[in-house]
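Quick notes on the structure that follows.
The values are calculated or read from the model by the stated rules, or taken from the named source; none is laboratory data. Keep in mind the model is a prediction, meaning the values are calculated, not measured. Neighbour counts are summed over all protein chains in view; Cβ atoms, including those assigned to glycine, are modelled from backbone coordinates with ideal geometry.
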Amino acid sequence: MSTVPKLEIRNATKQFGSLVAVSNVSMVVQPGELRAVIGPNGAGKTTFFNLITGFFPPTSGEILLDGQTINHIPAAGRVKLGMGRTFQITEIFPELTVRENARIAVETGLGFSLRAWLNAADKKKVADASDEVMTMANLTSKADRLVGELSHGDQRSAEIAMALALKPTLLLLDEPTAGMGDEETFQVTGLIRRLHRDSKYTIVLIEHDMRVVFHLADTISVLAEGKLLAQGTPAEIAANEHVQNAYLGKAE
Amino acid sequence: MNETFLRRNLQPIVIWALLLTVPFWLPLFGGYTALAGRVLVFALAAMSFNMLLGFTGIMSFGHAAYFGLGAYGCGLFLKFVYASTPLAMLAGTLLGGIAGTLFGLLLVRRRGVYFAMVTIAFGQVCFYIAYKWDDLTGGYDGLRGFARAPIDLGLTKIDIQNNGTALYFFILLVFGVAAAAQGFVLRSPFGRTMLAIRENERRARFLGIPIEKHIWLSFSISCFFTALAGSLYALLNNFADPQGLTYVMSGNIVMITIMGGMRVFWGPLIGAVLFVALQDYVSSAWPTTWMGVVGVVFVSVVLFFPRGLMGMLQKRAGT
Amino acid sequence: MMQLVMFNVTNGLIVGAFYVLMALGLSLIINLSNVVNFAHGNFLAIGGYLAFTLTPYVGFWGALLISPLLTAIFGYFIEQLLIRHVYARNHIYSLLLTFGLGFILQDVCRVIWGPSPLPLDIPELLSLPITPDLFFITWYRVFMVGVVVVAVSGLFAFLRYTRVGIRIRAGTLDLDTVSALGVNVAALRSYNFAVGSFLAGLAGVLAAGQIGLNPNMGDDLIMPSFIAIIVGGVGSLTGTLLGGLLIGVAAALTTVFYPAGAEAVIYVIMAIVLLLRPRGLLGEEGMLS
């Protein structure tokens, strides 16, 4: 008896004119899994990611969340269904504090964003939820600093905290350690691991940094030239000849 | 009142202490109370505009339209409908606010320069109507022949008609209530979504905030407050001026906001003080070339003091 | 009646031609630099006044050539001195900057050439009517339309066939790529601003010959030019051309049947376009966001 997959992609293809960016890719992500999608530049990772988040619909194929097709649900609707995401370039509210960033996300998640005022109970709910996500992201000590003044790693943590504030059931991270030094990569990797291990989030991430991927992921999918090249545990992928030829050989 | 309370609220305390005592100290500097009334009216208009520019990050260059409609609505009501100051203000506020709300529907999907251009054009439509419909509005000469009515409180009447000090305090009261209401909106969850849109529209959209709806709402709110300021302006002058509907007036509102500091709640008030003082001084010191001098000031502010006075002070205090 | 119709239609064509000339210059600058030049009408006035000063030395024909060139050089320096400092900033600063610049230029004209209206002498031949029947259509009117047609064709040829022109067009579409290809974007924007100023200056000379000079002669043209751009669609020069002609002719035709509504019809057209086709007739979808 298998459970309903958290996320399932069936034969997804995306064409831009004559360019086939993603070609007939299928993938099943089980609840609680941490899946990494890797591939050389131009492999179609970002297009694939955009298909999942609803930036544009697939040319053919199907995308299912909790067993339901979401092909025609736009990005904002998918957020409401429990897809939280972060961006390749960190998207935050730079001139607001960490707390305000978290609070805006929490209030939106709770459906308060059109309210002119909150009663005491709701206020407490918002404050507690904001504290909770800041604690998860390890930012409590920096709550009253402007996000724009924090380090790359902390900014990324803040962005992840905002995604968490919407209480997602599936977390999609687009190159979470892009452009970071070792120490910051370590910090963000630690955060992702905690979210996966301790908070049991289902996570799909696109990543460039091989150390991060092999460290974190339960399963790895390798894309090359828009096609799914291989899929398996980190050990299997490391041993896979095709992958080594297509990707690791060149990258390392 | 402990020390932290004082320190945290130093800005509003100083501002309110100064505003409440204007009739006592302004004459010492050679000013007159009507000048202070003008400062408050411009400050309210610019603070309302700043809800958009400074807090939502949306650039209207046509706010004179709603300011002017507020003035005309108020004046027309006093002249043709009923001699009640509060009702006339309500009429002006509704006229400008509703016009802004409707225009806003056509605006929300536009951004940046395009947004600004369409707001300018809408402003010009209002100017054009006021200018052409001269049976009603007095056309080019403006709307005259109305006077602010004393405020009837049942037991007593407040004579804002002839008593300049009473008029000032009446304007100050309206200003205070409006400023408090604006502060309330900006500190609400809705107000925080305005900040979110300013800071990063894409991020806000992906949080699930319906951007267009929120921009429309904040535009509408801003227009209602601007129209309220306009209705006060009509009361202050007993006159509604079609020139007050043109983009020159819109530019002045923008300038007041920038001069004071657009990211700061009280910035436009400070800007209004600077602007009214400048206008008053320059027009008497350079009667023929005052426009050019004002232009030089505008250009200098943009190039050298883009953060405005309050913005600079806060930056200094912060670092 | 026929004469009245003819009078208004030719009037409308001429007015439309001015809208087009002004709006194209504005549009060029908006497209490449994202700056709405509020002072554009003042560049027009400067072009007119320069022609007034030059005419005694070089004649009308000389002034028609030299004055727009001087206006372009003036625009180039203004861009270098002021405008370029605000490209990277919030758009509100460029609006405010050109708004203040407009005030300054207006007073500069007033100080140099005086506040009262001045006439610009045009050659005798041009002030004659084309036929005795159509006594109100002078050769000057025909000439103006001709010059505008030549100027607009020249502009489009410039953008299509010259190196700078092609780069301007490319920059309008995708500035990052153009910059990545090694084009000096800052210089490109200066040249582009100069081209826009040239068109304003040319409009100034032509307008001065028809209605004479005064320091705020450009003010009445700036708003219809904005509307021409909005109607045509921000981002498209062809759209601007179309928008300018459309509102010019519409205003003229309205004048025939309902003179009081001539100006209103411009705003009505804008409202209809915004309602039915928010990005303008030929606007790019991307320009909205």
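The table below lists the values:
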quantity	calculated
Hits in region B:264-319 - residues which are buried (at least 17 other Cβ atoms within 10 Å of the Cβ) and charged (D, E, K, R)	B:R307
Candidate set: region A:110-129, residues that are of a type outside the set (A, V, I, L, M, F, W, C) and surrounded by fewer than 19 Cβ atoms within 10 Å (Cβ to Cβ); chosen: the one nearest to the other protein chains (Cβ to nearest Cβ)	A:R115
Every pair of residues 6+ apart whose Cβ atoms lie under 7 Å, when the first sits in region C:42-56 and is within 12 Å of C:S197 (Cα to Cα) while the second is hydroxyl-bearing (S, T, Y) and modelled with pLDDT of 95 or more	C:F43/C:T71; C:F43/C:S197; C:I46/C:T71; C:G47/C:S67; C:G47/C:T71
Residue within region C:247-260 that is under 30 Å from C:W113 (Cβ atoms) and buried (at least 22 other Cβ atoms within 10 Å of the Cβ) present	yes
Residues (outside any loop (DSSP other than H, G, I, E, B) and under 22 Å from A:K45 (Cα atoms)) located in region A:158-186	A:E159, A:I160, A:A163, A:L170, A:L171, A:L172, A:L173, A:D174, A:T185
Residue satisfying condition, being within 11 Å of chain B (Cβ to nearest Cβ), crowded, with 21+ Cβ neighbours inside 10 Å and under 17 Å from the mean Cα position of the chain (by Cα), within set A:E159, A:E107	A:E159
Condition check for B:P306: free of Cβ contacts under 8 Å to residues at least 40 places away in the same chain and not in a helix (DSSP H, G or I)	no
Search result, residues across region A:57-96 that are within 12 Å of another protein chain (Cβ to nearest Cβ) and among the hydrophobic types (A, V, I, L, M, F, W, C)	A:A75, A:A76, A:V79, A:L81, A:M83, A:F87, A:I89, A:I92, A:F93, A:L96
Which numbered condition A:G17 fails, given (1) among the small types (G, A, S); (2) on the phi < 0 side of the Ramachandran plot; (3) more than 10 Å from every other protein chain (Cβ to nearest Cβ)	(2)
Test set (1) aliphatic (A, V, I, L, M); (2) within 30 Å of B:T288 (Cα to Cα); (3) touching a Phe, Trp or Tyr at 6+ places or on another chain (Cβ under 9 Å) - C:V111 fails condition number	(3)
Residue count for region A:14-42, restricted to those that are in contact (Cβ under 8 Å) with a residue 24 or more places away in the chain and closer than 22 Å to A:H242 by Cα	15
Residue in region B:199-218 that is away from chain A (no Cβ under 14 Å) and modelled with pLDDT of 85 or more present	no
Selection count, region C:88-144, where residues are farther than 30 Å from B:M249 by Cβ and outside any helix (DSSP H, G or I)	16
Set C:A228, C:A262: member being more than 19 Å from the chain's Cα centre (by Cα) and within 11 Å of another protein chain (Cβ to nearest Cβ)	C:A262
Evaluation of C:M217 against (1) assigned to a helix (DSSP H, G or I); (2) more than 14 Å from chain B (Cβ to nearest Cβ); (3) aliphatic (A, V, I, L, M) (one fails), failing number	(1)
Qualifying residue in region B:37-52 (condition: surrounded by fewer than 24 Cβ atoms within 10 Å (Cβ to Cβ), free of Cβ contacts under 8 Å to residues at least 24 places away in the same chain, part of a helix (DSSP H, G or I) and on the phi < 0 side of the Ramachandran plot)	no
Of all residues making up region A:137-150, the number that are surrounded by fewer than 21 Cβ atoms within 10 Å (Cβ to Cβ), of a type outside the set (D, E) and either in contact with a helix residue (DSSP H, G or I) (Cβ under 7 Å, 6 or more places away or on another chain) or away from chain B (no Cβ under 14 Å) (or both)	7
Selected residue (criterion: surrounded by the fewest Cβ atoms within 10 Å (Cβ to Cβ)) from residues of region C:112-143 that are touching a strand residue (DSSP E or B) at 6+ places or on another chain (Cβ under 8 Å) and modelled with pLDDT under 80	C:F135
Residues satisfying the stated conditions in region B:69-112, i.e. touching a residue at least 12 places away in the same chain (Cβ under 8 Å) and of a type in the set (V, I, T)	B:T85, B:T93, B:T101, B:V108
Inter-residue pairs, beta-carbon under 6 Å, first farther than 23 Å from C:T98 by Cβ and away from every other protein chain (no Cβ under 13 Å) and in region B:267-295, second basic (K, R) and assigned to a helix (DSSP H, G or I), 6+ apart	B:V276/B:R38
Condition broken by B:K157, with the remaining ones in (1) surrounded by 14 or more Cβ atoms within 10 Å (Cβ to Cβ); (2) at pLDDT below 95 satisfied	(1)
Subset of region A:1-44 (residues that are under 19 Å from A:F56 (Cβ atoms), crowded, with 18+ Cβ neighbours inside 10 Å and of a type in the set (K, R))	A:K14
Pair list, Cβ < 8 Å and 6+ apart or interchain, from region C:77-93 residues that are touching a residue at least 24 places away in the same chain (Cβ under 8 Å) and more than 7 Å from chain B (Cβ to nearest Cβ) to residues that are among the hydrophobic types (A, V, I, L, M, F, W, C) and assigned to a helix (DSSP H, G or I)	C:I78/C:L101; C:I78/C:F193; C:E79/C:F193; C:E79/C:A194; C:I83/C:L97; C:I83/C:F193; C:R84/C:A186
1 or more residues charged (D, E, K, R) and touching a strand residue (DSSP E or B) at 6+ places or on another chain (Cβ under 6 Å): qualifying helices (runs of 4 or more DSSP H) within region A:28-127	A:45-53
Qualifying positions in region C:162-176 - without any contact (Cβ under 8 Å) to a residue 40 or more places away in the chain and out of contact with any Asp or Glu (no Cβ under 9 Å at 6 or more places or on another chain)	C:T162, C:R163, C:V164, C:G165, C:I166, C:R167, C:R169, C:A170, C:D174, C:D176
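Every residue, every condition in (1) more than 17 Å from the chain's Cα centre (by Cα); (2) at pLDDT below 95; (3) among the aromatic types (F, W, Y); (4) surrounded by fewer than 17 Cβ atoms within 10 Å (Cβ to Cβ), yes or no:
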site	(1), (2), (3), (4)
B:G62	no, yes, no, no
B:Y66	no, no, yes, no
B:F80	yes, yes, yes, yes
B:L94	no, no, no, no
B:T101	no, no, no, no
B:V108	yes, yes, no, no
B:G123	no, yes, no, no
B:A130	yes, yes, no, no
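Residue-by-condition table, conditions (1) closer than 18 Å to B:I171 by Cβ; (2) within 14 Å of chain C (Cβ to nearest Cβ):
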site	(1), (2)
B:L78	yes, no
B:T85	yes, no
B:A88	yes, no
B:T93	yes, no
B:I98	no, no
B:G112	no, yes
B:F115	no, yes
B:V118	no, yes
